[in-house]
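Here is the structure we will look at.
The values are calculated or read from the model by the stated rules, or taken from the named source; none is laboratory data. Everything quoted here is computed from the prediction, not taken from an experiment. Note that we place each Cβ from the backbone using ideal geometry, even for glycine, and neighbour counts take in every protein chain shown. Side chains are part of the model used for accessible areas, which takes the heavy atoms of the whole protein and leaves out ligands, DNA and RNA. Shrake-Rupley method; radii C 1.70, N 1.55, O 1.52, S 1.80 Å.
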Amino acid sequence: MAAVVATDTQLMLGVGLIEKDTNGEVLWVWCYPSTTASLRNLLLRKCCLTDENELLHPFVFGQYRRTWFYITTVEVPDSSVLKKVTHFSIVLTAKDFNPEKYAAFTRILCRIYLKYGSPVKMMESYIAVLTKGICQSEENGSFFSRDFDSRKAYLAGSIKDIVSQFGMETVILHTALMLKKRIVVYHPKIEAVQEFTRTLPALVWHRQDWTILHSYMHLHAEELEGLQMCTGYIAGFVELEVSSRPDLYDVFVNLADSEITIAPFAKEAMTMGKLHKEIGQLIVQSAEDPEKSDSQVIQDIALKTKEIFTNLAPFSEVSDDGGKIVLSVEALKQKRFPPATENFLYHLAAAEQMLKI
């Protein structure tokens with residue numbers, strides 16, 4: 001239990017409450033502990049209560065400068081003690097990616113607020129989870145942090161769904177991720193964007209790095225500035241205008257039209273050859289096998305990825321300072337790989353910081 005306590009104390013950053021009143025005004029009502037004005041404005045923007053189309057999104061999540069946010073929004077029933085409020089959102093900020101964990105916890109906080117109409121009771125439960133990793137109540141439900149493993153969150157999406165939509169073109173996404181390129185995903189529905197983008201990092205399972213995921217972005221200067229500080233990323237948008245922002249992506253995925261586009265300046269690094277065809281066929285065959293689960297498909301792709309790195313090994317050497325392993329470009333050229341394969345291995349070494357400077 002002690003390990004769980006330490007983990008939660010280190011992971012959760014804060015809780016906040018946003019309300020929409022009977023006059024249609026949306027207000028940031030309360031938070032614990034305090035938060036910055038820029039983060040507060042970002043969370044108000046992400047919370048669907050400020051949307052003009054008035055569509056209710058029960059749960060959204062995303063990341064801003066290494067802080068994850070999770071927002072659950074509910075409509076207030078007439079029976080609630082909250083007489084002047086029509087809707088409210090509970091916001092949790094944390095250091096870790098775990099949508100299922102924080103969706104479960106925010107739902108409990110919502111039930112508490114609907115019942116008591118006071119942030120004090122919510123704060124009690126928040127503190128209980130922060131310090132003990134647990135909050136229990138017969139009427140509002142129980143929450144145990146230990147039930148939500150981060151690996152489960154990594155495996156929650158469906159690679160099979162992605163392959164059934166894009167087929168052989170999935171290899172473009174795999175290549176872009178291997179080379180740490182910038183992927184932008186567009187769909188008018190945020191739920192579709194989030195489900196698709198959260199699954200993509202699993203294509204490069206050897207890194208197990210979900211910090212590259214920015215599943216809910218707006219074309220807002222402050223957000224874009226934070227995004228552009230990242231070397232490679234997966235960014236999800238519901239604004240179609242992002243398609244005319246080639247400065248933001250190397251690969252653009254129009255999820256609504258099932259189209260993947262490689263930006264002109266990224267085409268050289270993303271040139272496809274025999275190796276990519278092999279990878280693409282492996283991904284499709286594995287994903288189309290009805291006997292295989294999503295995690296088995298991820299394992300198959302990870303094994304192929306390992307094979308690619310094994311191919312790099314004979315052309316690698318210990319750097320002059322005796323530190324890291326670097327690629328010998330001369331040795332790679334002498335092997336006379338097909339141009340597209342040599343090009344890919346060279347750019348992969350660059351992405352893995354294995355090039356001699």
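A few comments on the model shown:
- Percent of beta bridges antiparallel (DSSP, the chain, rounded to nearest 5): 75
- Extending 7 Å from Cα along the Cβ direction at Lys152 and again at Ala128 yields two label points whose distance is 1.9 nm.
- The apolar share of the surface of the range 157-356, taken as the fraction of accessible area on carbon and sulfur atoms (1.4 Å probe, ligands and nucleic acids excluded), comes to 52 percent.
- Gain on full extension, evaluated as 0.36 nm per residue between Lys356 and His206 minus their Cα-Cα distance, stands at 51.7 nm.
- Accessible area (Å², per residue) of the chain, counting only protein heavy atoms and a probe of 1.4 Å: 47
- Computed over the range 12-151: relative contact order in percent, which uses C-alpha pairs under 8 Å that are six or more apart: 22
- For the chain, complete DSSP H runs whose alpha carbons reach 20 Å or more along their own long axis and whose mean Kyte-Doolittle score is -0.5 or higher are 99-116, 274-288, 294-312.
- Stretching the chain fully between Ser244 and Val329 yields a gain of 27.0 nm (0.36 nm per residue, less the alpha carbon separation).
- Highest mean first, the peptides 107-116, 31-40, 270-279 sorted by other C-beta atoms within 10 Å per residue fall in the order 107-116, 270-279, 31-40.
- Taking 25 °C and 0.890 mPa s as conditions, the range 226-337 diffuses translationally at an estimated 139 µm²/s according to Stokes-Einstein applied to its Kirkwood radius (Cα pairs).
- 222 nm mean residue ellipticity, helices alone, for the chain (DSSP H n ≥ 4; -39,500 (n - 2.57); rounded to 500): -12500 deg cm²/dmol
- Over 29 Å [Cα-Cα, the chain], rounded percent: 47
- In terms of its C-alpha gyration tensor, the range 35-149 comes out oblate, because a/c is 1.5 or above while a/b does not outweigh b/c.
- Cα-Cα over 30 Å, subset of Lys152/Lys304; Lys292/Lys335; Lys304/Lys335; Lys304/Lys356; Lys46/Lys101: Lys292/Lys335
- The distance from the alpha carbon centre of the range 63-132 to that of the range 193-260 is 26 Å, rounded to a whole number.
- Gyration tensor verdict on the range 34-102 (Cα atoms; rounded if a/c is under 1.5, prolate if a/b is larger than b/c, oblate otherwise): prolate
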